[in-house]
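Below is one structure, written out as structure tokens, with a few remarks after it.
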Amino acid sequence: MRLKSRMMIVTLAGVVFAALLFGLFIFTVRQDYLALQKQTTIRAESIARALEEHVLRTYNEAKDSLDDVGWDVQSRLRDTGMTRAAVDRALRNFDRLPSSVSVIELIAEDGKVLGEIGKDVNDVGRSYAKKAFFQAHKNVARNVGGVVTRDYRPPFRIDLYRPDATETWSRAAVVIVISRAVYSQKGFAGIVMAVMSPSFLDRFFHSFTLDGLDSMTVYTRGGVVLARAPFGDKFIGRSYAHASLFRKIIPMAPVGVTQGPKSADVIQRRIAHRVVSGTPFVVTVSVRDSWNRALWNSELRILLPLFTIAFVGVAVFGFFLSRYVRRLSEARKTLKAEVAFTSALLDMEGSILIVLNADGRIVRFNRMARAATGFALAEVLDTPMRRLLCNEDDVAAFEAMLVNVQGSAEHRETEVRIRRKDGRERTFLSTAIQLVSHRGMRAHVVISAVDVTEHKQREKDLIVLANTDGLTGIKNRRSLLHDGEREFRRAQRVGRPLSVMIFDLDHFKRINDTYGHGVGDRVLQAFVSSVQKNLRDIDIFGRIGGEEFAVVLPETTGDNAVAVAERIRSTVAEAPLSIDGDIVKFTVSIGIDDRTGENSGFEGMLARADEALYAAKKAGRNRTEVYKDGIR
């Protein structure tokens, strides 16, 4: 790459760095803004929740007081309407009004006030017969059929009411009227009415400082202001039904926080609203965001000098970086040439060479390695060497070799199996040596490997030939004696039974003389097949020599061995061999020994079984004998 191109790249990198730095500051300012917004939202929600609880608690106090008076009056009525005497007795039992209620009035069925309790009120005799709330209760009574049981509890009504000049019990522009009907045994007897003035919220408003708090407002669900702080009475009774809060937001979300419109001071606000459940009230809290243009200007005054410093620093950095890039490019060319030379030498090497980095990943894979495994360099580059190995045993052996070679100048060897790309497994004798960097740190490990798959197979074949009878495919005498001695020692060590049987084909020499040795060999093979059908996987079957065979029966007592021997003898006698139309019958004599307590070893058991075999031959052949003392 040319120097001019490198300089352009460095310059572009500097511009990108400066842009990233600028973006970082913008991001920080934005995060501050979001944090302040979240803090404002939480504060607005908390105050709105507290205001909702206060409104609901105060409303319930007024409703409970009204219900107590109404129930007291209703319990005193029989078959007459509401009387002055019943009203007086009920009011005498009611000692005081809740702070939120300015007056409670008891109104007879004709709509006239019979009694009242409250401050500075004198409305006895006033008629509410034409008022909407009175007519509503009377219509409900007419709909329930006239006569109502004494314990009937009628529903409450909540109405907003604008007192006229003659109603002395409230000076508020709008009041809240809570009412319920009273019934006698004949039906509707009148109503009980409580008047709540919005001033009951004053104590709650005064409990908050207005630092950052614009306003707290209680509305009707129709958008009429009942109470507001800090602006006071000038807003009471004003309707905001046209505002989007009541037209769109509250019908869809009874509880929430919205972004309020900016006022003349260009300050953004957050408005938390809550519809008070079970009441006609909506509470809102408006809180100023703590973010404004002055804050942005202060952030910008910090940002611009830093950005300028960063840009100059990038320019200086770019100058020195270009010099470094030039030297690095020259070193890279030299290194690339060295790597190409080294790769050529590795590919010319006649053995498999694999280079691993400090993490055990493949970084070099010469031509012989690619041919031996079937993998291309791109398929194994930067791949852990363990992925090419066949199983966990190979992985453990390979990693143990790598551990042993660390910190040592000597090589280490091990055999591992590698699975080729086509799925075949190959065995390799691997040699590892560690290359150490100029700083004394482990840099790479070079693996030299030789494919020994055919050699290992020849070894296995030789082992099989050395331990197998060539004619019958079962164990030969040497292998039988070796495995039998092992089972004998195990039986003595753990105290478990062990039995040995020796077979001899009866009149086998006659078969050879009559039919020839080829037929004799086929008879031996047929005999071995018959015996194997009656043995377990753990039994050891081998040829001692000629027509003599032996079986080692682990975990078998003498009686069980006799049962096995009889099955074998019967199977052999019942399986004659057909030779060119002639039927060649043959039988077998069997000797058994199960004495593992003797110190003569396995060969001693064979000798005693052989004496028992001799006794079976002497007794007429085609029979089984177990060794006993004195048997001949």
* **Contact order relative to length of the range 468-626, as percent, for alpha carbon pairs under 8 angstrom and 6 or more apart** => 30
* Where chymotrypsin sites (Phe, Trp or Tyr not before Pro) fall in DSSP loop in the range 509-567, at most 15 other Cβ within 10 Å -> none
* Structure fact -> Distance in nm between residue 85 and residue 160 label points, each 7 Å along Cα→Cβ, equals 4.3
* To do: Pop a pseudo-label 7 angstrom from the Cα along the beta-carbon direction at both residue 241 and residue 185 and give the gap in nm to one decimal.
  => 4.6
* Asked: Working out 0.36 nm times the residue gap between residue 367 and residue 435, then minus their Cα-Cα distance, what length gain in nm do you get to one decimal?
  -> 22.4 nm
* Decide, for the range 454-555, between rounded, prolate and oblate: order the square roots of the alpha carbon gyration tensor eigenvalues as a ≥ b ≥ c, take rounded if a/c falls under 1.5, and otherwise choose prolate if a/b is larger than b/c, else oblate. => oblate
* Structure fact -> Of all trypsin sites (Lys or Arg not before Pro) in the range 79-113, the ones in DSSP coil with at most 15 other Cβ atoms within 10 Å are 96
* Looking at the square roots a ≥ b ≥ c of the eigenvalues of the Cα gyration tensor of the range 464-524, which shape do they give, rounded for a/c under 1.5, prolate if a/b is larger than b/c, or oblate? -> oblate
* Asked: For the residue pair residue 578 and residue 477, what label-to-label distance in nm results when each label sits 7 Å from Cα along the Cα-to-beta-carbon direction?
  -> 3.7
* Structure fact -> So the FRET efficiency between residue 595 and residue 403, C-beta based with R0 = 35 Å and rounded to 0.05, is 0.10
* 18 Å reach of a label modelled at residue 415, 7 Å along Cα-to-Cβ, counting backbone N of the range 367-399 -> 389-399
* In what sequence do 59, 614 fall when counting other Cβ within 10 Å, fewest first? -> 614, 59
* To do: Work out how much length residue 327 to residue 517 would gain on full extension: take 0.36 nm times their residue separation and subtract the Cα-Cα distance, in nm to one decimal.
  => 59.6 nm
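So if each residue of separation counts as 0.36 nm, and I subtract the Cα-Cα distance between residue 557 and residue 466, what length gain in nm does that give?
29.7 nm
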* Structure fact -> One finds, for residue 316 and residue 13 with R0 = 22 angstrom and r their Cβ-Cβ distance, a FRET efficiency to the nearest 0.05 of 0.95
* Asked: Got a sec? How would 109, 61, 425 order by Cβ neighbour count within 10 Å, fewest to most?
  -> 425, 61, 109
* Asked: How would you rank 249, 592, 583, going from fewest to most other Cβ atoms within 10 Å of each one's own Cβ?
  -> 583, 249, 592
* Asked: Rounded to the nearest 0.05, what FRET efficiency do residue 41 and residue 71 have when you use their Cβ-Cβ distance and R0 = 35 Å?
  -> 0.20
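The numbers here are math on the coordinates, done by the rules we state, and not lab data. Keep in mind it's a predicted model, so treat the numbers as computed, not measured. We place every Cβ from the backbone using ideal geometry, glycine too, and count neighbours over all the protein chains shown.
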